[in-house]
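The values are calculated or read from the model by the stated rules, or taken from the named source; none is laboratory data. Note that this is a predicted model, so its numbers are computed, not measured. Quick reminder, even Gly has a Cβ in these numbers, built from the backbone with ideal geometry, and neighbours come from all protein chains shown.
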Amino acid sequence: MFRATWKSLLARKVRLILSGLAVVLGVMFVSGAFVLTDTLGRSFDSIFADAYEGVDVNVAAKPKIDVAETEGMQVPPPLPAATLDKVRAVPGVAEATGVVGVDGARLIGSNGKVVASFGPPQLGENWTGESDLVRLREGRPPQADDEIVINKALATAGRVKVGDRVGVLTLKPKQEFTIVGIFGYSGDRDSIGGANEIMFTTPVAQRLMLGAPDTFSNITVTAAGGVSEESLRDAVAAAVGADYEVKTGEQLSEEAAASMKEALSFFNRILLGFAAVALLVGTFLILNTFSIIVAQRTRELALMRAIGASGGQIIGSVVLEAVAVGLIASVLGLGAGIGIGALLAYLFSTFAGGLTLAGVGVPLSAVIGAFAVGLVITVVAALLPALRASRIPPIAAMQDVANPDRPLTKVTVAGAIVTAVGAGLLALGLTGNAGGSTLVTILGGVLFAFIGVALLTPLISRPVVSLLGAIFAWSVPGKLGRLNSGRNPRRTAITAAALMVGIALVTGVTVILDSAKSSISALAQDTLKAELVISGAQSGPRPPSFDPGVLEKAAAIPGVRLADGEYGDMAVVGGERTWVAASSDVAALRQIFGAEATAGTIDRLAPDEMLVSSDTAKSRGLSVGSRVPVQLARGEARTYTVAGIYASSELTNPVVLPPEAARDFAIPQPIQGFIQLAPGARVADVQPQIEALLADSPEVSVADREAFIDQQAGQLDGLLTMIQILLALAIVIAVLGIVNTLALSVLERTRELGLLRAIGLRRAQTMRMITVEAVVISVFGALLGVVVGAGLGAAVVEALRDEGITDLVLPWSQMGVFLGLAAIIGVVAAALPAVRAARINVLGAIAHD
């Protein structure tokens, strides 16, 4: 039985490898995700080990607020100089150095624009001298208040050199400095982890980066000979007290690397998600391939049964073929995954500003994941055809027709049940009733919905395919192609379902994002009462900001009625972390954002008063007169009195503090500005004057309201494009499925094709017949996809109505494009099978059994 199975496998190696390509692509994503995270993880281990080289113990004040990477910028509380003296007095301390090192120093390059960083920090530091890690390559250390040194990576990115006069943005507005030195790192590196670094004299760094003289962000300590890091850490911790975090250099390195790895897990989950989509589509392809092969081998398998093979042996034969395909696909997928992981790691390092990569490794998780996924998916997909093969009776060997159409009752009932389960899970997840498992519930609902629709597809395939095929029924090849595409509803349904999944996901995401864009635009158009907006594009944890002095000057421009600057930060309000805002002019809350008071007054604020939204007041049990403690990123906690409550909207913040509070925000500068014009004033007259005021704030620009709204809504376009590119993989796999189905179908109909050729069907007509069959199946799958995708997208939009997505937008033009592309996909997929069908030897085909 084993020899017979092996010979059967070799006889069909091309078609099995073609179906295995689907698994290869899915496994590629799985193994590539693990290779990427392993390579980058080891790279960050090395980077942070270098960064804390020579640091035995580090002392830092406990942050006022813990801020996640996705929430904004962590602000280190300043250490007073007295703490440095206290550390130096600890026995076992050989040297203690006060360090200023804070994210937020941005260099203005030779082109007049801020040198951007997409992820790595832009550090403003004090020069503490050369070390084993840091070495000057050009120039000298900074000595005067207007002198800086920068790392080589920043000099290259900004196209600046020693002697250049450059602008630098910090906590303060733009200031001019002279570059007197450029430094690098051991190992001939231009940066550590892609960070841009600007080093000032210590007093200037304290003033610009910490906002206070005689303070430091941390203290690095070197142990005396014979003193261990752990014992010195404990001694220093006892000396400085509980308000400080004292850690060894090894601890800091491990924690920093772990934090970066946690951030990388986001990319890992994305890649694994798209791998799951690819494997789901691949499952349809493999199921179809084995179903067709089993159907073609009916007489062969029946003969095996007749000469003594048991049903178990028949199942084992088919499963063995699946295992062989799965093993080959896993090996190829693992190899491709290693290459993809290495490529993505290289792209990440380049995008991150020259991250030094560790050698590409293959973790055990990548190998286990590749073979587990490849084998399991292939074997599971082959089980149903294997069970069907085991039920073939020996008498079938003597029948000319071994595969009569089976009734669709069971598959239809199963499809209805699975679809109902999927709909129930989606409803549970989208309405927020799934507890802490909302995402898993929604994903499970989507999976069950796709499988359910796929099971129901045979029921509708024959009438729908017949209707679609009528377009081509004007010619004999068209009629034949139409009939062929509808002759086996199960096969057509599975082939079309593979294409349906990819197009449904793309359509659903497009519906959701287009609806979000439309809702955002409509809300802003109706609510935002500012003719001009100052803002910039955020490329890291720190949002662009500008000089608050711009607002005072803007308010003095003729035709300007109100100039408001909006500040924002994370804070702990009443024991809970939340986003807070401050306005330079509190009246903007009503005049520009259309807020309406529901209690108290919202037009003015005393320095110790605050405003809250109605949702916040309700959830926290607040009312006018309530006193609430607030801890900001800087300074001590203060208690504010609720002076007013305003109706919640998508354009208002949960908490508004007085403008005086902004000095203790992580970024004590406005991150957006709103200019309201007086009646009769023209945007064209005022906008150039505002632009002139922003000359020293190159991170931001001023735009009219429509352009600003388009810019904000347009940020979703990049996300949509990325998703469409990644989901294109599922569509590629579906094309392979159509090719495979047609190739197997041509082989199955060899005698039929020979008879058609014998009675006068020309080669070109044969190719048109196969092409019509492929186009009809492709368009049917695309039609299913746009209908299912639009339905899923509409359900999500309806569930998000309370979150502000109120407009349902169906992308009719894009759905039409998908249908058109499906027709093209059908033509492309039919090329090889059609050529093969046209080249069939007529006499040999007629004699084919």
Residue check for Ile645: more than 30 Å from Ser217 (Cα to Cα), in contact with a Phe, Trp or Tyr (Cβ under 6 Å, 6 or more places away or on another chain), crowded, with 16+ Cβ neighbours inside 10 Å and of a type in the set (A, V, I, L, M): no
Subset of region 767-807 that is touching an Asp or Glu at 6+ places or on another chain (Cβ under 9 Å) and assigned to a helix (DSSP H, G or I) - its residue that is farthest from Leu819 (Cα to Cα): Glu803
Filter result for Ala157 (closer than 25 Å to Asn218 by Cβ, touching a residue at least 40 places away in the same chain (Cβ under 8 Å), within 31 Å of the chain's Cα centre (by Cα) and not in a strand (DSSP E or B)): no
Selection count where residues are touching a Leu at 6+ places or on another chain (Cβ under 8 Å), at pLDDT below 80 and farther than 14 Å from Ser259 by Cβ, scope region 44-66: 3
Test: residue in region 327-338 that is in contact (Cβ under 8 Å) with a residue 24 or more places away in the chain and within 30 Å of Ala49 (Cα to Cα): yes
Search result, residues across region 195-250 that are within 18 Å of Leu84 (Cβ to Cβ), among the acidic types (Asp, Glu) and in a strand (DSSP E or B): Glu245
Flag for Ala454 being touching a residue at least 12 places away in the same chain (Cβ under 8 Å), of a type outside the set (D, E, K, R) and outside the structural domain of Ala790 (by TED's automatic domain parsing): yes
Residues within region 541-555 that are surrounded by fewer than 17 Cβ atoms within 10 Å (Cβ to Cβ), over 16 Å from Leu677 (Cβ atoms) and either in contact with a helix residue (DSSP H, G or I) (Cβ under 8 Å, 6 or more places away or on another chain) or in contact (Cβ under 8 Å) with a residue 24 or more places away in the chain (or both), tallied: 1
Meets criteria (β-branched (Val, Ile, Thr) and free of Cβ contacts under 8 Å to residues at least 40 places away in the same chain) for Thr178: yes
Pair list, Cβ under 7 Å, 6 or more apart: region 521-537 residue surrounded by fewer than 18 Cβ atoms within 10 Å (Cβ to Cβ), other residue aromatic (Phe, Trp, Tyr): Thr527/Phe593
Some residue of region 556-570 being farther than 27 Å from Pro668 by Cβ, surrounded by fewer than 20 Cβ atoms within 10 Å (Cβ to Cβ) and not charged (D, E, K, R): yes
Strands (runs of 3 or more DSSP E) fully within region 604-712 counting 2 or more residues that are more than 32 Å from the chain's Cα centre (by Cα) and not assigned by TED's automatic domain parsing to the domain that holds Asn111: 609-613, 627-631, 638-646, 672-677
Candidates Gly225, Gly273, Gly282, filtered to the one that is small (Gly, Ala, Ser), modelled with pLDDT under 90 and either at positive phi or in the same structural domain as Pro120 (by TED's automatic domain parsing) (or both): Gly225
The listed residue being surrounded by 17 or more Cβ atoms within 10 Å (Cβ to Cβ) and at pLDDT below 80, out of Ala366, Ala386: Ala386
Selected residue [surrounded by 20 or more Cβ atoms within 10 Å (Cβ to Cβ) and either over 30 Å from Asp66 (Cα atoms) or modelled with pLDDT under 80 (or both)] from Val732, Val746: Val746
Cβ pairs under 7 Å, 6+ apart, first in region 648-669 and in contact (Cβ under 8 Å) with a residue 12 or more places away in the chain, second of a type in the set (Lys, Arg): Asp664/Arg634; Ile667/Arg542
Test for Val35: is it farther than 26 Å from Tyr346 by Cβ and crowded, with 18+ Cβ neighbours inside 10 Å: no
In region 457-482, the residues that are more than 29 Å from Thr419 (Cα to Cα) and without any contact (Cβ under 8 Å) to a residue 12 or more places away in the chain: Ile471, Ala473, Trp474, Lys479
Pair list, Cβ under 7 Å, 6 or more apart: region 135-153 residue among the polar types (S, T, N, Q), other residue modelled with pLDDT under 95 and not in a strand (DSSP E or B): Asn151/Asp190; Asn151/Ser191
Region 75-132, residues that are surrounded by fewer than 17 Cβ atoms within 10 Å (Cβ to Cβ), farther than 18 Å from Ala61 by Cβ and of a type in the set (A, V, I, L, M, F, W, C): Ala89, Ala94, Ala116, Phe118
Residue selected from region 233-270 under the condition among the charged types (D, E, K, R) and closer than 24 Å to Gly54 by Cβ, by the criterion modelled with the lowest pLDDT: Lys261
